[in-house]
Amino acid sequence: MTILLYDLVGRDAARPFSPHCWKAAMALAHKGLDITSVPTRFLEVPKVEGGVAKLIPVIRDGETVVADSFAIALYLEEAYPERPTLFSGDGGKATARFIERWSQLTIHPYVTTAAILDLHAMQDEANAAYFRQNREQRFGKRLEAVYATRDAGLAGFRASLEPLRSMLGYQPFIGGPSPLFADYIVFGALQWARIATPYRLLDDTDVVAQWFERCLDLHGGFGRTVAAAAISRLEAGQSHLDS
Ligand SMILES: N[C@@H](CCC(=O)N[C@@H](CS)C(=O)NCC(=O)O)C(=O)O
């Protein structure tokens, strides 16, 4: 039986971009489960499964509905214990929570800065207007002002990845010899950037970039089923910057 994944998209339904939805998608792929993606735009999120959650991802597995990427991974581990593990035990669950907080507090803010105008440009008119209003209220400034620090922040962002970079000298994945949900947490953040913006967050020679490429190869190259952003609508001058 297929599992429904409510997946955040913009104008192009074939380009899911949300970091948290990618975490859930990779967890489903890791378990070898069949996924039916339900393309969902920002304005549709409150209506998902009768308004079960304010945010996506949400999955439906038969009669069970689960919201939140971490909760989804925990659910899949519990519901499908005979399939490849996402956590490798309770210690793995607790450690993955640290990785989630680190990724959210260290990687997400810079990806937001780097990609915010591209993310805005990926939306149709109504969703672009929602995104601008919602994010400008959240950040207390114009999207353009968030984006303005992108070049200045790049070196600091790359330096902030040093714990991950250093760890990769010991093992190929955060999970050790093979990936666990902890890998998909960080992968989701960088996949969000890869799909949203052509801006180069990482140098190709960086071992973090090489780990990310390994993650893109996993599960039959699942992460590559969505191409990297080429020239952004932003750079092509087609954005809705003033909406
Ligand atoms: N802690 C949640 C965060 C989910 C989340 O932030 N989802 C965003 C998309 S990346 C969302 O649904 N946003 C809707 C909105 O901003 O209106 C998880 O891990 O699933």
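The values are calculated or read from the model by the stated rules, or taken from the named source; none is laboratory data. Everything quoted here is computed from the prediction, not taken from an experiment. Every residue, glycine among them, receives a Cβ derived from its backbone with ideal geometry; neighbour counts consider all protein chains shown.
Residue 20 fulfils the conditions (1) over 12 Å from the mean Cα position of the chain (by Cα); (2) in contact (Cβ under 8 Å) with a residue 40 or more places away in the chain except for a single criterion, (1).
Residue 94: assigned by TED's automatic domain parsing to the domain that holds residue 127, farther than 30 Å from residue 145 by Cβ, assigned to a helix (DSSP H, G or I) and free of Cβ contacts under 8 Å to residues at least 12 places away in the same chain, yes or no? Judged against the criteria, residue 94 is a match. Checking each residue in region 127-140 for being closer than 24 Å to residue 198 by Cβ and without any contact (Cβ under 8 Å) to a residue 60 or more places away in the chain picks out 135, 136, 139.
Please enumerate the residues belonging to region 50-66 that are surrounded by fewer than 18 Cβ atoms within 10 Å (Cβ to Cβ) and hydrophobic (A, V, I, L, M, F, W, C). Residues satisfying the conditions are 52, 53, 55, 65. In summary, helices (runs of 4 or more DSSP H) completely within region 143-215 and bearing 2 or more residues that are touching a residue at least 40 places away in the same chain (Cβ under 8 Å) and closer than 18 Å to residue 20 by Cβ occur at 181-196.
Kindly evaluate residue 77 against the criterion of being more than 16 Å from the ligand (Cβ to nearest atom) and either assigned by TED's automatic domain parsing to the domain that holds residue 21 or surrounded by 18 or more Cβ atoms within 10 Å (Cβ to Cβ) (or both). Considered against the rule, which asks whether it is more than 16 Å from the ligand (Cβ to nearest atom) and either assigned by TED's automatic domain parsing to the domain that holds residue 21 or surrounded by 18 or more Cβ atoms within 10 Å (Cβ to Cβ) (or both), residue 77 comes out as no. Only residues that are more than 15 Å from the ligand (Cβ to nearest atom) and not in a strand (DSSP E or B) were counted across region 1-19, and they come to 6. Within the set 52, 38, the sole residue that is aliphatic (A, V, I, L, M) and over 19 Å from the mean Cα position of the chain (by Cα) turns out to be 52. Selection of region 20-47 for residues being out of contact with any helix residue (DSSP H, G or I) (no Cβ under 7 Å at 6 or more places or on another chain), aliphatic (A, V, I, L, M) and within 12 Å of the ligand (Cβ to nearest atom) yields 25, 45.
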